[in-house]
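For reference, the structure discussed in these notes is given below.
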Amino acid sequence: MIEDHNLTRIGLRAALQTQPEFNIVGEAANATDGIKLLKSLKPDIATIDIGLPDMDGIDLTRTFRQYQAENEDYTTKLLILTMQNSEQAVLAAFAAGADSYCMKDIQTERLVEAVRTTYAGSSWIDPAIADLVLQQIRQDFPDGSRGASGKRVLIEGIDPDVEKSIVTYPLTHREMDVLELIVAGCDNAEIAKRLYLTVGTVKTHVRGILNKLCVADRTQAAVRALRAGLVP
């Protein structure tokens, strides 16, 4: 936990310690001490504030990701936990290599969900900024253009294990139809209407999509689909 405000650290610790599977192994009030803790303790997940006194959390994230790239036994996932919800901060955090992004005013239950989701290997994006991320992705690729590798890349691309899963268990044509409408922002009723399906059938397809993309909800599915270049 890397957070410069003492009362906030106390509150976060209290919230996370309500879950028996969570163990707070270290705390730091600045980026310098935070990086030392990450290197020495190798936690599963680190929560990082952006507004740190000596180095902002985005630079910390970028610095530690570079260190991880050179040291494969460091697998810590990074969850940004901040009050900053500007487009610049959100996109910069993901560009630096953040796994997830949460607002500090999040409810305890959602924070626990974010930590669990991040630990499981999926990105958790606060609903308050999810639309912002999706809008930016669409602006980056307005004509369906792709990178040199033949697939779209959102910031860091996707985890190799997830990519392997998508290749091993590809979406069906109907699941692709449903996924495209999810990315377009349609709910189940609208998808059912457009594809001439029952709502129950749509729900079945949505569950299949979430399982195959290794995500927990529709927002994550949309982000992963755009990241992996599955939809135009």
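The values are calculated or read from the model by the stated rules, or taken from the named source; none is laboratory data. Note that the structure is predicted; figures quoted are calculated from it, not measured. Note that we place each Cβ from the backbone using ideal geometry, even for glycine, and neighbour counts take in every protein chain shown. The area values use the complete protein model at the heavy-atom level, side chains included, leaving out ligands, DNA and RNA. Shrake-Rupley method; radii C 1.70, N 1.55, O 1.52, S 1.80 Å.
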Being touching a Lys or Arg at 6+ places or on another chain (Cβ under 6 Å) and either touching a residue at least 40 places away in the same chain (Cβ under 8 Å) or in the same structural domain as Glu109 (by the TED database) (or both) narrows Ile10, Ile35, Ile50, Ile45 down to just Ile45
Do we have any residue at all in the stretch 107-122 that's touching a strand residue (DSSP E or B) at 6+ places or on another chain (Cβ under 9 Å), at pLDDT below 85 and within 19 Å of Ala95 (Cα to Cα)?
yes
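Results for (1) open to solvent by 50 Å² or more (accessible area, probe 1.4 Å); (2) out of contact with any Ser or Thr (no Cβ under 9 Å at 6 or more places or on another chain), shown as yes or no for each residue.
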| site | (1), (2) |
| --- | --- |
| Ala184 | yes, yes |
| Leu197 | no, yes |
| Thr204 | yes, yes |
| Arg207 | yes, yes |
| Cys214 | yes, no |
| Arg218 | yes, yes |
| Ala221 | no, yes |
Can you tell me which residue in the stretch 27-85 is nearest to Asp126 (Cα to Cα), limited to those that are among the polar types (S, T, N, Q) and in a helix (DSSP H, G or I)?
Thr61
Can you tell me which residues in the stretch 1-31 are surrounded by 15 or more Cβ atoms within 10 Å (Cβ to Cβ) and of a type in the set (Ser, Thr, Tyr)?
Thr8
Can you name every residue in the stretch 32-43 that is over 18 Å from Asp56 (Cβ atoms) and either open to solvent by 50 Å² or more (accessible area, probe 1.4 Å) or of a type in the set (Phe, Trp, Tyr) (or both)?
Lys39, Ser40, Leu41, Lys42
By residue number, the members of the stretch 44-57 that are among the charged types (D, E, K, R) and either farther than 21 Å from Thr118 by Cα or surrounded by 17 or more Cβ atoms within 10 Å (Cβ to Cβ) (or both) are Asp49, Asp54, Asp56
Count of residues meeting criterion [open to solvent by 40 Å² or more (accessible area, probe 1.4 Å), in contact (Cβ under 8 Å) with a residue 12 or more places away in the chain and in a helix (DSSP H, G or I)] in the stretch 92-109:
2
